[in-house]
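To start, the structure itself, in structure tokens.
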Amino acid sequence: MRLEARPQQQPTRSWRRQRPRPESEPQRSLIEESLARHRAEREALPPVREEARRELAAVEEVLASRERTAAAAARIVPPPYLVAELGPRPGDRTEARAWDRGAGVIETYRRESGVSDPASAFAPEPDGGAAKARRRNAVGRTERVQRQLREVAVSREVRERSAEHRSHGLEL
């Protein structure tokens, strides 16, 4: 049985159909008008002053300082909504770092979403699409931290039991 080579097919020229076509004169005119309007609007804006930049930097520093203070307070005396979501803050350093990350996620969500309910970390489901997405993201990140806390706790418990058994001359 003899195999014959098939003749090569010519490549299709569909790329020509996908190339953008040059704009027609009315389209070009609309684009130029739009660009001119945007340039004029930009030029009409007042220049950003150095003083405004310094004020913004100062405000951002104050907000960052408040966030650090709130995070430290939450580590010392966790609010009930954090304890409900993450449990008490662990003494183990690895677990404590995970707990701190979860607390940060929750506190950031609460601050950005205006949640003030002392009993609930996330409050009721919001109405808007973007607000729902922010809530879903925060809840998902918190659930990952919860999983990590459980996994670290189980690993620690297994290590402790293994050490206890070895001290008694037993193997697992």
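The values are calculated or read from the model by the stated rules, or taken from the named source; none is laboratory data. The structure displayed is predicted, hence computed values, not measured ones. Don't worry about glycine lacking a Cβ; one is built from the backbone with ideal geometry, like all the others, and counts go over all protein chains shown.
To keep it simple, each residue is scored yes or no on (1) assigned to a helix (DSSP H, G or I); (2) farther than 15 Å from Y81 by Cβ; (3) assigned by TED's automatic domain parsing to the domain that holds A72.
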position: R97; (1), (2), (3): yes, yes, no
position: E107; (1), (2), (3): yes, no, no
position: R111; (1), (2), (3): yes, no, no
position: S116; (1), (2), (3): no, no, no
position: A130; (1), (2), (3): yes, yes, no
position: N137; (1), (2), (3): yes, yes, no
**Request:** Could you tell me which of the residues A64, A44 is hydrophobic (A, V, I, L, M, F, W, C), closer than 30 Å to L149 by Cα, at pLDDT below 90 and not assigned by TED's automatic domain parsing to the domain that holds Q148?
**Result:** A64
**Message:** Looking at V105, V115, V139, V77, can you tell me which residue is out of contact with any Leu (no Cβ under 7 Å at 6 or more places or on another chain), aliphatic (A, V, I, L, M) and loosely packed, with under 14 Cβ neighbours inside 10 Å?
**Reply:** V77
**Pairs, first without any contact (Cβ under 8 Å) to a residue 24 or more places away in the chain and more than 27 Å from R111 (Cβ to Cβ) in the stretch 45-64, second of a type in the set (A, V, I, L, M) and surrounded by 10 or more Cβ atoms within 10 Å (Cβ to Cβ), C-beta under 8 Å, six or more apart** = none
**Request:** Mind telling me which of the residues A123, A71 ends up being modelled with pLDDT under 90, surrounded by 11 or more Cβ atoms within 10 Å (Cβ to Cβ) and outside any helix (DSSP H, G or I)?
**Result:** A123
